[in-house]
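Enquirer: First the structure, then my questions, so here it is.
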Amino acid sequence: MKKRVLFVCLGNICRSPAAEAIFIHKLEKLKLVDEFEVDSAGTGNWHVGKLADSRMRCAAENRGISIKSRARQICLEDFNKFDLILTMDNENLMHVKSLIKELDTRSKAQVKPLLAYSIHKDLIDVPDPYYGGEKGFDQVLDLLEVAIDGLIKDIKVD
Ligand code: 4NP
């Protein structure tokens, strides 16, 4: 059975689509991509249907990573579909946890901050780069790459 992983941020146009693309990129390199179903979503709905922010797509492209997904909003079915839901910051985590209360059944998905997998144990949140400068996008990608290396290590041990 495929392992299903959903990355979640606020708008689904910066952090979570980048995390999705980095995870897929690293899984492809390891020839593990067929063992996973990977997606991303936002807690908000403002950007539904849009490609990721061009600044984030450009920063990722400079690392050889293509972000192709279009934004969607997280929905209650996601808690039954995915094994792992990984949030970018505490606000996303609180929002996702509040949705669990609306479920008729238990959440099948385990909900965790992505940075729980990072070697940088002092960091809790992937900062929102949307209103910042260009440098912020690269910093976000650096954080995501390290955490996703940790995620893959953890999944391979499982
Ligand atoms: P993201 O960044 O949550 O990483 O996709 C944001 C994108 C858009 C907005 C906020 C955060 N916004 O307010 O439109």
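Enquirer: For the peptides 56-66, 27-37, 142-152, what is the packing order when you average, over each peptide's residues, the other Cβ atoms within 10 Å and list the highest mean first?
Expert: 142-152, 56-66, 27-37
Enquirer: Let me ask something additional. In Å², and per residue, what accessible area does segment 43-136 have when probed at 1.4 Å with the other protein chains present?
Expert: Accessible surface, normalised per residue, equals 61 Å².
Enquirer: Still on this structure, I have one more. Roughly how many whole Å is it from the C-alpha centroid of segment 26-56 to that of segment 94-158?
Expert: The two parts, judged by their Cα centres, are 13 Å apart.
Enquirer: What is the ratio of the Cα radius of gyration of segment 19-118 to 2.2 N^0.38 Å, with N the residue count, to two decimals?
Expert: Dividing the Cα radius of gyration by 2.2 N^0.38 Å gives 1.13.
Enquirer: Contour minus end-to-end for residue 70 and residue 123, with contour as 0.36 nm per residue of separation and end-to-end as the Cα-Cα distance?
Expert: Contour length minus the Cα-Cα distance gives 16.3 nm.
Enquirer: Given labels modelled 7 Å from the Cα in the Cβ direction, how far is it in nm from residue 131 to residue 108?
Expert: About 3.8 nm, to one decimal.
Enquirer: Residues in segment 33-56 near a label at residue 77, defined as backbone nitrogen under 15 Å from the 7 Å Cα→Cβ point?
Expert: Output list for this probe position: 39-41.
Enquirer: For residue 61 and residue 91 in one chain, what is 0.36 nm times their gap in residues minus the Cα-Cα distance, to one decimal in nm?
Expert: Working: separation 30, 0.36 × 30 = 10.80 nm, distance 2.78 nm.
Computed gain between residue 61 and residue 91 is 8.0 nm.
Enquirer: What is the distance, in nm, between label points placed 7 Å from the Cα along the Cα-to-Cβ direction at residue 139 and at residue 34?
Expert: 4.1 nm
Enquirer: Normalised by the number of residues in the chain, what is the relative contact order in percent for Cα pairs under 8 Å and 6+ residues apart?
Expert: The normalised contact order for the chain reaches 26 percent.
Enquirer: Let me ask you something else. Under a point-charge model restricted to the Cβ atoms of Lys and Arg (+1) and Asp and Glu (-1), what is the dipole moment magnitude of the chain relative to its Cα centre, in debye to the nearest 20? Walk me through the numbers on the way to the answer.
Expert: Working: 24 positive and 25 negative charges, 60 e Å.
Using Cβ point charges on Lys, Arg, Asp and Glu, the chain gives about 280 debye.
Enquirer: On a straight-distance basis, which lysines could pair with residue 31 in a cross-link, Cα separation under 30 angstrom, same-chain partners fewer than 8 positions away excluded?
Expert: 2, 3, 50, 68, 81, 108, 112, 121, 153, 156
The values are calculated or read from the model by the stated rules, or taken from the named source; none is laboratory data. All values derive from a computational prediction rather than experimental measurement. Ideal geometry is used to build each Cβ from the backbone, glycine not excepted, and the neighbour counts take in all protein chains shown. These accessible areas exclude ligands, DNA and RNA; they are computed on the full protein's heavy atoms, side chains included. Shrake-Rupley method; radii C 1.70, N 1.55, O 1.52, S 1.80 Å.
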